[in-house]
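Report on one structure; see the data block that follows.
Here, each number is a calculation from the coordinates, and none is a lab measurement. Note that the coordinates shown come from a computational prediction; the quantities given were computed from them, not determined experimentally. When we count neighbours, we look across all protein chains shown, and the Cβ atoms used for this are built from the backbone with ideal geometry, even at glycine.
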Amino acid sequence: MEVHQNQISEEIGRPLFENKEFKLWQINLKPGERLPFRRHSKTYSCNCLTDGLLLSRNVNGAIDMIRFDRGETYFRECYQEAIHDLENIGDVEVQITIVEEKLRCMETAAQF
């Protein structure tokens, strides 16, 4: 896997927009499709454009099954970086938009 080859991406999905404070990403995963391991080191929010069932494997060994409902939004404040993959284990395409802040976790904490 990517972790053993030290090929961990900073790319969350497909970039749609970027300015000096935020980056907007889109993830489209067809059934059975998987995003490789990637690093989350910034605060972000997600908006689910479709229902979906996903599997996420963390480098610490944790495995999470995530069910999204269309229109669901959630926010993740970054206190430490996370490295995980994302796989669509459902039977419909999953579409998610992500708004990511530009400051890294450690930079945000240093401001307070």
(message) Using a 7 Å offset from the Cα along the Cα-to-Cβ direction at both K30 and E77, what is the distance between the two label points in nm, to one decimal?
(response) 4.0 nm
(request) Please find, in a Gaussian network model of the chain (springs between Cα atoms separated by less than 10 Å), the residue of E18, E101, E87 whose mean-square fluctuation is greatest. (result) E18
(message) Treating the chain as a set of equal point scatterers at the Cα positions, no solvent, please give the Debye-formula log₁₀ I(q)/I(0) at q = 0.10, 0.13, 0.19 Å⁻¹.
(response) -0.29, -0.49, -1.06
(message) Could you work out [θ]222 nm for the chain from helices alone, using -39500 (n - 2.57) per DSSP H run of at least four and dividing by all its residues? Round to the nearest 500 deg cm²/dmol.
(response) -1000 deg cm²/dmol
(message) Just to be sure I understand the model, the point goes 7 Å from the Cα along the line to the Cβ. What's the resulting E11 to I66 distance in nm?
(response) 1.9 nm
(message) At a threshold of 8 angstrom on Cα-Cα distance, excluding pairs fewer than six apart, so keeping six or more, what relative contact order does segment 14-110 reach in percent?
(response) 42 percent
(message) Sequence gap at least 6, Cα distance under 8 Å: using those rules, report the relative contact order of segment 1-70 to the nearest whole percent.
(response) 25 percent
